[in-house]
Amino acid sequence: MSKLIIMADGTCDLTKELTEEYGVVTVPGHLVFPGGKEYRETLTWDAVPRDEFYADLKKRPDEYATAPANVEEFYLAMEPYAAEGDDMIVCTISAAMSGAYNFALQAKEKICRKYPVKVQIIDSMRFGPGFGLMVLYAAKKRNEGLGFDEVTGWLEENKNRFHQAGWLDDLSFVAKKGRLTHAKAFFGALAGIKPIGEFDYNGMTTVIGKAKGAKKAYAALLSYIEGTIEDPSEQIIFIAQTNRLPQAEEFKKLIEEKFKPKAIYIKDVFPSCGINVGPGLMAAYYVGRPISKDLGFERELLNKYLEAKE
Amino acid sequence: MSNIKINGVQLEKMLKNGLNNLLSHKDEVNKLNVFPVPDGDTGTNMSLTLSHGLNSAASRQEAGPYLKAVSDGMLLGARGNSGVILSQLFKGLYTELARAGVITPALFRNALIRAYKTAYASVVHPVEGTILTVAREGIEHIRTQVTRRTTIEEFLAMYAAEMRKSLSFTPELLPVLKESGVIDSGAYGYILIFEGMLDQLYGKLHQAQEPDEAVTMSASQPPIDASYFNENSAFEEGYCMEFILQLMKGEKYTQRFILKSYIEDLKLYGTSIVVVQDGRRIKVHIHTFIPAKIITLSQEFGEFLTFKLENMQLQHNEAFASAKGEKKALTVIAAVNGEGMEKVFRELGCDVVINSSGAANASTEDFIRALGAVNAEKVVVLPNNKNVVMAAEQAARLAEAKNVEVLPTKSPAEGYFAAAMDIQDSDDVEMRVKQMRAGMKSTVTLTESVATKDYENGVTSCKAGEEIVLVNGELTAASTDWCDCLINGLKAVPGIEDVESCVIFKGESASDEQEAILAGRLSECFPLLEATFVYGGQSVYRFIIGISE
């Protein structure tokens, strides 16, 4: 009997345990490390430990690069399932940040010309753990018995409800690599100031507020999550960190106490995303109310709690 | 010889002698610093302000119009707080004398009263024991003694003597002066100007001195973008020429230089002509299409000391292009000193960065030029130096058409946190200004340098040559070791144990090794404090630390 395959590109940052538990197929992209050496993403730290990687990335960001899996690689990943007659939902990192979506689309056309299967490519409009969380939900829906049309429909309807609540305290990476909406000049180091970013309608991140120091940021973020999350006790929450593990652990504790979610994981950001985000990411990902088009509601809500008093 | 009145030409000579007197005492005035830090620049700032006024005024018979031109030039060229107050004193002087062809002692008295009143009104919180007090007491104590028989010499001698007396009392009025054993530097500079004016009448001429470089330097102008002029461009604006000509001796040169006929000749080739003769040097500004003619004409008399030629079409096209550019909701202008700081503020996202490199502070004119170049609904100015705040505020008043707000950032650290808290990608102007204000607020600035003299402020004392740390401008720690000194300074900051982060600007004199030493000591003494080092390249302070909670 044919199956429904949930596939995602390698920037979903889902570890082997999670992909096996939920049944997700990943299509890893490419990494270029200093010296021009090229690797295929493994979604492990087998090659180089996390702390070492981020420390070196901070030192020489320009010597690292990423590339998504190409058309052929997507095709090769899809073909064995197509040959079995399996339908596929392929989720990709935000098309605003990467060419993965287009490559997957081209691969789909080749597949569909050759095999009588249904393939849907979904632009997640998210990156890293936000994207990964969406893929996990898709797999969960599929595992609950939803079919191809129902899962793709659910994704299209709900992808705008995947939130990011956290900070990126080193904006130089996203500014340089063009992964931030309106990134004009944010190359400067921000001593202690935590820019708080939320996903926007462009499929990127917009800074909606700034907090002086981590303590103020945690407090405002918890209130922000409270104002945007839906059914927290039913949720799987991801906390992503590139090189901010102590802060992520603190944030996890605070979220657990306040929202008692069904599950909460601290997730590493692997090099495919990490190279473009840099070492300063620490954010929670969850499902909540749809994000407004101009982020007006979100800004107002957050700044109410940040209390940028004069 | 004594004068019962003076006209514009005499006034010009007197003011020039006043400036020269100030310039010859400039270093002495600079050293009259309240704090034991080698950053005193009152003498420099006052002389730059006055010389800008004198350079921008053409000679006139009538005293009033001449003084107006001087005053206008000073308002624009004002640098530092003392320069701004000096420019306001002169604004008061000319306001009273606007219609006077000649100045009598009685008119002079009235004008000097108007002068101090204007200066007091321009300061939000006037402080006694400063230039304001001296200018006020100097005239108030002698106002009744001016009679019909009083000569200008007698009047100025009384005024200067009375101001000297007042100056000697400034430490009694202003405790910080007494603590550091100095008199007020701005007041002293002001007296030197009037004493020089009096000396001129007695025939005692002070040697002409070159004012600091900064007068002619236009460090704040952004580099010209040559892409606005190409082989297909129209050329309708001509060139702007500026040069100083040294009149020469020798057979090659025409020996008789007659200013009037030289100007007549220049008129054949150009417009917007300003020519100022200073002894054997001629300063010329002219707009022309045929620079070669002017060069040939001028070389009949001498050789060029300096020479500047700018394509005005290029400037015109560039200005036109930027004016056509989309109007921004908010533009942020930051004033800095040095390339390191310029880079820091550019990277933080400030739209315009005025870099008055060298020792000088940004002038009112620098701000006005920057304000003229931006196209925005609202402009926020970050002066980033307590001695630049007033020049920025004066510019904001003069550029009244624009919606300008000066956030009085008193140090680069305050400016840094203001800019860092800004959310540049938002169109919500009110929110952005609020963010910046929140960034500036509750910022603590520590500066580390070497003491220039013995000093004590009731809490801490230092000896000349010791390493010292000022916290928000107050001496807080002194030691023979710079790093101990910084650590002790930090320990004195209330609530430091809970502070999560700080920014550290590395100065010109700070080595990488010293950075490593400081970083090590910080993590030892304040394990929770995360330090971000950036290269500021500032000259006086080895390190500037900013904390904002």
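The values are calculated or read from the model by the stated rules, or taken from the named source; none is laboratory data. What you see is a predicted model, and the numbers here were worked out from it, not measured in a lab. A quick note on method: Cβ atoms are made from the backbone with ideal geometry, for glycine too, and the neighbour counts reach across all protein chains shown.
Is there a residue in region B:496-518 that is over 17 Å from B:V37 (Cβ atoms), polar (S, T, N, Q) and surrounded by 15 or more Cβ atoms within 10 Å (Cβ to Cβ)? Quick ask: steps written out before the conclusion?
Filtering region B:496-518 for residues over 17 Å from B:V37 (Cβ atoms) gives B:496-504, B:506, B:511-518.
Going one step further and asking which of them are polar (S, T, N, Q), we end up with B:501, B:511, B:514.
Still in the list and also surrounded by 15 or more Cβ atoms within 10 Å (Cβ to Cβ): B:501, B:514.
The answer is yes, given that some residue of region B:496-518 is over 17 Å from B:V37 (Cβ atoms), polar (S, T, N, Q) and surrounded by 15 or more Cβ atoms within 10 Å (Cβ to Cβ).
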Exercise. Out of B:K378, B:K441, B:K453, which single residue is of a type in the set (K, R) and under 20 Å from B:V540 (Cβ atoms)?
Worked result: B:K453
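Is there a residue in region A:67-87 that is touching a His at 6+ places or on another chain (Cβ under 7 Å), in contact (Cβ under 8 Å) with a residue 12 or more places away in the chain and under 30 Å from A:D170 (Cα atoms)? Show your work before the answer.
Filtering region A:67-87 down to residues touching a His at 6+ places or on another chain (Cβ under 7 Å) leaves A:67.
Now restrict to residues that are in contact (Cβ under 8 Å) with a residue 12 or more places away in the chain: A:67.
Narrowing the set further to residues that are under 30 Å from A:D170 (Cα atoms) leaves A:67.
Scanning region A:67-87 turns up at least one residue that is touching a His at 6+ places or on another chain (Cβ under 7 Å), in contact (Cβ under 8 Å) with a residue 12 or more places away in the chain and under 30 Å from A:D170 (Cα atoms).
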For this session: Check whether at least one residue in region B:458-473 is within 14 Å of chain A (Cβ to nearest Cβ) and either closer than 23 Å to B:N355 by Cβ or touching a residue at least 60 places away in the same chain (Cβ under 8 Å) (or both), and report yes or no.
Result: no
Exercise. Can you find a residue in region A:8-31 that is assigned to a loop (DSSP other than H, G, I, E, B), polar (S, T, N, Q) and within 15 Å of the chain's Cα centre (by Cα)?
Worked result: yes
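Quick grid of which residues meet (1) farther than 29 Å from B:V9 by Cβ; (2) in contact (Cβ under 8 Å) with a residue 40 or more places away in the chain; (3) more than 25 Å from the chain's Cα centre (by Cα):
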site: B:S272; (1), (2), (3): no, no, yes
site: B:I286; (1), (2), (3): no, yes, yes
site: B:S298; (1), (2), (3): no, yes, yes
site: B:G302; (1), (2), (3): no, yes, yes
site: B:T306; (1), (2), (3): no, yes, no
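Given the structure, is B:E508 in contact with a helix residue (DSSP H, G or I) (Cβ under 9 Å, 6 or more places away or on another chain), acidic (D, E) and away from chain A (no Cβ under 14 Å)?
Details: in contact with a helix residue (DSSP H, G or I) (Cβ under 9 Å, 6 or more places away or on another chain): yes; acidic (D, E): yes; away from chain A (no Cβ under 14 Å): yes.
Yes: the conditions hold for B:E508.
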For this session: Evaluate region B:479-492: report whether one residue or more is touching a strand residue (DSSP E or B) at 6+ places or on another chain (Cβ under 8 Å) and within 29 Å of A:S172 (Cβ to Cβ).
Result: yes
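Can you pull out the residues in region B:441-473 that are among the acidic types (D, E) and at pLDDT below 90?
Residues of region B:441-473 that are among the acidic types (D, E), as a first pass: B:448, B:454, B:456, B:466-467.
Matches in region B:441-473: B:D454, B:E456.
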Problem set entry | Test: residue in region B:486-502 that is within 23 Å of B:S357 (Cβ to Cβ) and either away from every other protein chain (no Cβ under 14 Å) or touching a helix residue (DSSP H, G or I) at 6+ places or on another chain (Cβ under 7 Å) (or both) | no
Problem set entry | Filter result (among the small types (G, A, S) and closer than 19 Å to B:S548 by Cα) within region B:501-520 | B:S501, B:A519
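Can you tell which of A:P61, A:P34, A:P28, A:P80 is out of contact with any Lys or Arg (no Cβ under 9 Å at 6 or more places or on another chain) and surrounded by fewer than 21 Cβ atoms within 10 Å (Cβ to Cβ)? Spell out how you get there, then give the answer.
Numbers: A:P61 fails: out of contact with any Lys or Arg (no Cβ under 9 Å at 6 or more places or on another chain); A:P34 fails: out of contact with any Lys or Arg (no Cβ under 9 Å at 6 or more places or on another chain); A:P28 fails: out of contact with any Lys or Arg (no Cβ under 9 Å at 6 or more places or on another chain).
The unique qualifying residue is A:P80.
Does A:A183 satisfy the condition of being within 29 Å of B:A413 (Cβ to Cβ), within 14 Å of chain B (Cβ to nearest Cβ), modelled with pLDDT under 90 and not in a helix (DSSP H, G or I)?
Working: within 29 Å of B:A413 (Cβ to Cβ): yes; within 14 Å of chain B (Cβ to nearest Cβ): yes; modelled with pLDDT under 90: yes; not in a helix (DSSP H, G or I): yes.
Yes, satisfied.
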For this session: May I ask you to list pairs of residues, at least six apart or on different chains, whose Cβ atoms are under 7 Å apart, with the first in region B:367-383 being touching a residue at least 24 places away in the same chain (Cβ under 8 Å) and the second being part of a helix (DSSP H, G or I) and of a type in the set (F, W, Y)?
Result: B:V381/B:F367
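Could you check region B:456-479 and list, in sequence order, the residues that are assigned to a strand (DSSP E or B) and among the small types (G, A, S)?
Here is the first cut: in region B:456-479, the ones assigned to a strand (DSSP E or B) are B:456, B:461-462, B:467-471, B:474-479.
Once the filter is applied, which keeps residues that are assigned to a strand (DSSP E or B) and among the small types (G, A, S), region B:456-479 yields B:S461, B:A477, B:A478, B:S479.
For (1) within 7 Å of chain A (Cβ to nearest Cβ); (2) over 30 Å from B:F35 (Cβ atoms); (3) touching a residue at least 60 places away in the same chain (Cβ under 8 Å), each residue gets a yes or a no:
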residue	(1), (2), (3)
B:F417	no, no, yes
B:V429	no, yes, yes
B:R432	no, yes, yes
B:M440	no, no, no
B:S449	no, no, yes
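Could you list all residues from region A:233-247 that are more than 14 Å from chain B (Cβ to nearest Cβ) and buried (at least 19 other Cβ atoms within 10 Å of the Cβ)?
Listed by number, the residues that qualify are A:Q235, A:I237, A:F238, A:I239, A:A240, A:Q241, A:T242.
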For this session: Return the total of residues in region A:37-46 being loosely packed, with under 13 Cβ neighbours inside 10 Å and of a type in the set (A, V, I, L, M).
Result: 0
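If a residue has to be among the aromatic types (F, W, Y) and out of contact with any strand residue (DSSP E or B) (no Cβ under 8 Å at 6 or more places or on another chain) to count, how many in region B:511-543 make the cut? Walk me through how you get there before you give the answer.
Here is the first cut: in region B:511-543, the ones among the aromatic types (F, W, Y) are B:526, B:533, B:535, B:541, B:543.
Pick out the ones that are also out of contact with any strand residue (DSSP E or B) (no Cβ under 8 Å at 6 or more places or on another chain) and you get B:526.
The number of residues fulfilling the criteria is 1.
How many residues are within 14 Å of chain A (Cβ to nearest Cβ) and within 20 Å of the chain's Cα centre (by Cα) if we restrict to region B:346-374? Don't jump to the end; show me each part of the working.
Taking region B:346-374 and keeping what is within 14 Å of chain A (Cβ to nearest Cβ), we get B:346-353.
The next check asks that each one be within 20 Å of the chain's Cα centre (by Cα); those that pass are B:352-353.
Qualifying residue count, region B:346-374: 2.
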For this session: Need at least 2 residues that are closer than 23 Å to B:E62 by Cβ per element, so show me which helices (runs of 4 or more DSSP H) inside region B:97-187 make the cut, counting only ones lying wholly within it.
Result: B:105-122, B:152-173
Exercise. Assuming B:Y159 fulfils every condition listed in (1) within 19 Å of B:S51 (Cα to Cα); (2) at pLDDT 80 or above; (3) crowded, with 22+ Cβ neighbours inside 10 Å apart from one, which condition is it?
Worked result: (1)
Problem set entry | Residue in region A:200-228 that is surrounded by the most Cβ atoms within 10 Å (Cβ to Cβ), counting only those that are under 17 Å from B:S501 (Cα atoms) and in contact (Cβ under 8 Å) with a residue 24 or more places away in the chain | A:A217
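Could you identify the single residue in A:G197, A:G145 that is modelled with pLDDT of 90 or more and surrounded by fewer than 20 Cβ atoms within 10 Å (Cβ to Cβ)?
Working: A:G197 fails: surrounded by fewer than 20 Cβ atoms within 10 Å (Cβ to Cβ).
None of the others qualify; the one that does is A:G145.
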